[in-house]
1. Look at ALA82 and say whether it is assigned to a helix (DSSP H, G or I) and either among the hydroxyl-bearing types (Ser, Thr, Tyr) or farther than 24 Å from VAL123 by Cβ (or both).
2. Restricting to region 141-190, name every residue that is in contact with a helix residue (DSSP H, G or I) (Cβ under 9 Å, 6 or more places away or on another chain), small (Gly, Ala, Ser) and within 22 Å of GLU54 (Cα to Cα).
3. LEU170 is checked against (1) crowded, with 20+ Cβ neighbours inside 10 Å; (2) not in a helix (DSSP H, G or I) and fails just one. What number does that condition carry?
4. Please work out if GLY112 is in a helix (DSSP H, G or I), in contact with a strand residue (DSSP E or B) (Cβ under 7 Å, 6 or more places away or on another chain), within 26 Å of VAL238 (Cβ to Cβ) and at pLDDT 95 or above.
5. Report, by residue number, each residue of region 129-145 that is within 13 Å of the chain's Cα centre (by Cα), open to solvent by less than 10 Å² (accessible area, probe 1.4 Å) and more than 16 Å from ARG224 (Cα to Cα).
6. What residue, of ALA103, ALA87, ALA82, is over 12 Å from the mean Cα position of the chain (by Cα) and more than 18 Å from ARG42 (Cα to Cα)?
7. Within region 114-127, is even one residue more than 21 Å from GLN171 (Cβ to Cβ), buried (at least 23 other Cβ atoms within 10 Å of the Cβ) and of a type outside the set (Ser, Thr, Tyr)?
8. Just a yes or no: is a residue in region 16-29 open to solvent by less than 50 Å² (accessible area, probe 1.4 Å), assigned to a strand (DSSP E or B), small (Gly, Ala, Ser) and touching a Ser or Thr at 6+ places or on another chain (Cβ under 9 Å)?
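The values are calculated or read from the model by the stated rules, or taken from the named source; none is laboratory data. Computed from a prediction, not measured in an experiment: that's the story for all the values here. Quick reminder, even Gly has a Cβ in these numbers, built from the backbone with ideal geometry, and neighbours come from all protein chains shown. These accessible areas exclude ligands, DNA and RNA; they are computed on the full protein's heavy atoms, side chains included. Shrake-Rupley method; radii C 1.70, N 1.55, O 1.52, S 1.80 Å.
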Amino acid sequence: MGVSTSEPDQGIAVVTADFPPVNALPVQGWYDLAAAVRAAGRDPAVRCVVLTAEGRGFNAGVDIKEMQRDTASGGHGALIGANRGCAEAFSAVYECEVPVVAAVHGFCLGGGIGLVGNADAIVASDDATFGLPELDRGALGAATHLARLVPQHLMRALYYTSRTATAAELQAHGSVWKVVPRAELHDAARDLAREIAQKDGFLLRLAKAALNGIDPVDVRRSYRFEQGFTFEANLSGVAGRVRDTFGAPGGTPTKGA
């Protein structure tokens, strides 16, 4: 349980998150994930990082229960910690010195969108679904990253409705590199990573920096701007009211788009 790093192939580091039962990461988990990705990218022997997860799904976002426990006692430490931790993890993927391939299975929700939206490439299993149920959880954020996966109007519709999109739908929009059966996901992600890792390591690092430099949107500033509205929602009390319905029957619709 937690975050681990392995190097199954020369030039490739695999960073794996494992937070049962649904990979909803606690505050420290986001920081641990960020540290692992940054460390892998700094390793001169690594030319590509594969970001993956164990269990039922790739990522279910932040640990809402951790936040509920904190707010019940009148504190905002978990909220502040989750916002900063998510920002750190998303930035670590984006700023990783080498390309990052996300291997996504099952659900990829909330903070999971922040991770894959900042990755360089996405390989997904055919059961993968992607979405931002933030409005059902009393939060805002990661529209910055969903906008990197789908066109603007679809992003808005998905955001307002909390609906999800399938891996096949994202592939049709060009944001998912390949969709494979669940059993083939890790091999497919490593195949792409191996192809990338065949390139010169120094040139790969220059290429990553160059591509980040020509991005039309500063994803770090844009995401932090969104988070300001999450604080406003919490201070107004509406976030807590909505968050308290999380997990209740009918409280979190996740129908496909």
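1. yes
2. Of everything in region 141-190, just one residue is in contact with a helix residue (DSSP H, G or I) (Cβ under 9 Å, 6 or more places away or on another chain), small (Gly, Ala, Ser) and within 22 Å of GLU54 (Cα to Cα), namely ALA165.
3. (2)
4. Values: in a helix (DSSP H, G or I): yes; in contact with a strand residue (DSSP E or B) (Cβ under 7 Å, 6 or more places away or on another chain): yes; within 26 Å of VAL238 (Cβ to Cβ): yes; at pLDDT 95 or above: yes.
Criteria met by GLY112.
5. Quick first cut of region 129-145, residues within 13 Å of the chain's Cα centre (by Cα) only: 129-132, 141-145.
Filter once more, keeping what is open to solvent by less than 10 Å² (accessible area, probe 1.4 Å): 130-132, 141-142, 145.
Result: PHE130, GLY131, LEU132.
6. None of the other options fit; the residue is ALA82.
7. No: zero hits.
8. Here is the first cut: in region 16-29, the ones open to solvent by less than 50 Å² (accessible area, probe 1.4 Å) are 16-19, 22-27, 29.
Checking which are assigned to a strand (DSSP E or B) leaves us with 16-18, 25.
Okay, now just the ones that are also small (Gly, Ala, Ser), so 17.
Applying the additional criterion that residues be touching a Ser or Thr at 6+ places or on another chain (Cβ under 9 Å) yields 17.
Within region 16-29, one or more residues are open to solvent by less than 50 Å² (accessible area, probe 1.4 Å), assigned to a strand (DSSP E or B), small (Gly, Ala, Ser) and touching a Ser or Thr at 6+ places or on another chain (Cβ under 9 Å).
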